[in-house]
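Derivation of every value follows stated rules applied to the coordinates shown; laboratory data play no part. No experiment lies behind these values; they were computed from the predicted model shown. As a convention, Cβ positions derive from the backbone with ideal geometry for all residues, glycine included, and neighbour counts pool all protein chains shown.
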Amino acid sequence: MVTTTDADAGTQANSIKNKIAQELETVRNKFADSGMDDVLDEMLALFLNEKRQIFRHLQDSVRIRDARALAAAAHRLKGTFLSLELASLTGLVLEIESQALSPNPDWMLISHLLEEVEFATELFPKRPELNKPDHKGIA
């Protein structure tokens with residue numbers, strides 16, 4: 001039997017965090033290069049405004065073992081991350097959705113994946129417009 005130590009979990013979390021940070025930078029550069037960085041900022045701001053409610057709904061669905069509600073919420077969140085072109089988060093949420101749709105969801109795995117997704121979204125800029133290279137404000 002393979003067990004995960006706290007050190008392994010920390011290493012895995014840092015790996016995911018680094019991957020998401022790289023993806024965010026790549027996406028920001030892509031949007032900026034096409035003159036659409038304002039669109040990205042608006043998309044991130046919309047997500048951040050709804051983030052608490054989204055995760056509360058996901059967590060409540062896990063807590064009461066409502067697989068149907070969880071699958072629907074995960075599906076919506078997956079669409080958000082697809083729109084933001086964040087492959088790592090999309091993959092994690094896809095796994096949550098797949099587990100929720102399975103005949104016997106692994107609720108422990110789902111809880112772990114949900115924690116990873118929520119942790120990773122802490123990397124999102126709190127005020128996206130302040131991350132622009134030419135912004136004169138204080139972050």
ask   = What ranking do 46-56, 66-76 get when scored by the average of other Cβ atoms within 10 Å per residue, highest first?
value = 66-76, 46-56
task = Pop the C-beta distance of ASN104 and ARG63 into the FRET formula with R0 = 30 Å and round what comes out to the nearest 0.05.
result = 0.95
Two-site FRET efficiency, ALA72 against GLU42, from Cβ-Cβ distance with R₀ of 30 Å, rounded to 0.05 = 0.75
note = Taking 0.36 nm per residue of separation between GLN53 and LYS17 and subtracting their Cα-Cα distance, the length gained on full extension comes to 10.8 nm
note = For region 6-128, shape from the Cα gyration tensor axes a ≥ b ≥ c, cut at a/c of 1.5 then a/b versus b/c, turns out prolate
